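Encoded as structure tokens, the structure appears first; notes follow it.
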Amino acid sequence: MKSSTSTSSRAGRARRTSSCTPKAKADGFEVVITNDTKQLSRPLEVAAIAQSGLHRIEYRQNNKHGGLVGLGTAIATVCAALPHALSELEAADGQRLISLTLIDPTRQKRLQITDPAVAPPKHWPGRDEVSES
């Protein structure tokens, strides 16, 4: 399944979408992936997307967690959800609009930290001495 991404600047976005979607369809693309979460609130863009027949997949760039955390969250969201979205689109009998669910970037959800001096994993050197104390 051929896909295209859209991450254009705010200025002229409606003009770009309305001219890009027919070209993408003509070039054989079937899916557009975008982080423009306001796109479906702009009438000209909605009309262009609907007329193109292209599937639209949207992901969010987490602005609450900027920088590396925000970028990592967006990449992780797309990597984790895209195979499922494409699988759904393969079986679709018409145009679909998909919004990917954002990966939770909070520290508690993304990692677990173990201090091996306090709670050593199985086979950790000196584990038996820690258990006895």
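The values are calculated or read from the model by the stated rules, or taken from the named source; none is laboratory data. Since we're looking at a predicted model, the values are computed, not measured. So basically every Cβ, Gly included, is an ideal-geometry build from the backbone, and we count neighbours across all protein chains shown. Ligands, DNA and RNA are stripped out before the accessible areas are found, and what is left, the full protein with its side chains, is counted by its heavy atoms. Shrake-Rupley method; radii C 1.70, N 1.55, O 1.52, S 1.80 Å.
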Pull up the range 79-104, narrow it to residues that are assigned to a loop (DSSP other than H, G, I, E, B) and within 13 Å of the chain's Cα centre (by Cα), then point me to the one that is nearest to residue 61 (Cα to Cα).
102
I'd like to verify a number: residues in the range 43-61 that are more than 24 Å from residue 71 (Cβ to Cβ), in a loop (DSSP other than H, G, I, E, B) and not aliphatic (A, V, I, L, M), how many?
1
Test: residue 89 is surrounded by 13 or more Cβ atoms within 10 Å (Cβ to Cβ) and touching a residue at least 60 places away in the same chain (Cβ under 8 Å):
yes
Condition test on residue 120, is it without any contact (Cβ under 8 Å) to a residue 60 or more places away in the chain, farther than 30 Å from residue 57 by Cα and either surrounded by 14 or more Cβ atoms within 10 Å (Cβ to Cβ) or small (Gly, Ala, Ser) (or both)?
yes
Report yes if some residue within the range 106-113 is open to solvent by 90 Å² or more (accessible area, probe 1.4 Å), in a loop (DSSP other than H, G, I, E, B) and in contact (Cβ under 8 Å) with a residue 24 or more places away in the chain; otherwise report no.
no
Expected single match for open to solvent by 60 Å² or more (accessible area, probe 1.4 Å), of a type in the set (D, E, K, R) and within 30 Å of residue 107 (Cα to Cα) among 42, 60 is 60
